[in-house]
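Structure first, then comments.
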Amino acid sequence: MDLLNDEQLDKLRVDGTKIRIVRDALAENDVRGIVVAWDEEYVLVRRPNRRVIKIKRSYPIQLASEERKWSAE
């Protein structure tokens, strides 16, 4: 599900689907939450503790319900 277009991000936001943003090889560094907003460069994700995090869209975005995938490319 890597780079998502605006329609896919909007569907995730409207449905309230939990996502995982994989930042590196360590699973504990993943950002999990719900898409709140986005622009050309960033995605805002609301974490379970209700904090909002601004993450670059270049990171791979996966559904939290799916198995974690990491590639070092």
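Any read-out appearing in this document is the output of simple, stated calculations on the displayed coordinates, not a laboratory observation. Quick caveat, the model's predicted, so the values are computed rather than measured. For neighbour counting, all protein chains shown are included, and Cβ atoms are generated from backbone atoms with ideal geometry for every residue, glycine included.
Hey, quick one: spin label on Q8, modelled 7 Å out along Cα-Cβ, who in the range 46-62 has an amide N within reach, i.e. under 16 Å?
Within reach of a label on Q8, which here means backbone N under 16 Å from a point 7 Å along Cα→Cβ, the range 46-62 contributes 56-62.
To the nearest 0.05, how large is the calculated FRET efficiency for S71 and R50 if R₀ is 22 Å and r is the Cβ-Cβ distance?
0.10
Please report, in cubic angstrom per residue, the volume enclosed by the convex hull of the alpha-carbon atoms of the chain.
Dividing the Cα hull volume of the chain by its residues yields 85 Å³.
Pick out, in residue order, every one of the trypsin sites (Lys or Arg not before Pro) in the range 13-62 that is DSSP loop and has at most 14 other C-beta atoms within 10 Å; say none if there are none.
R23, R50, R51
Helix 6-15 versus the longest principal axis of the chain: what is the Cα-based angle in degrees, 0 to 90, to the nearest 10?
Long axis of 6-15 versus the principal axis of the chain: about 80 degrees.
Give me the net charge for the shell around R20: Cβ to Cβ below 11 angstrom, other residues only, Lys and Arg +1, Asp and Glu -1.
Its environment carries a net charge of +2.
With contacts defined as alpha carbon pairs under 8 Å and 6 or more residues apart, what's the relative contact order of the chain in percent?
34
Lys and Arg at +1, Asp and Glu at -1: add these up for the other residues within a Cβ distance under 9 Å of V45 and post the number.
Residues close to V45 contribute a combined charge of +4.
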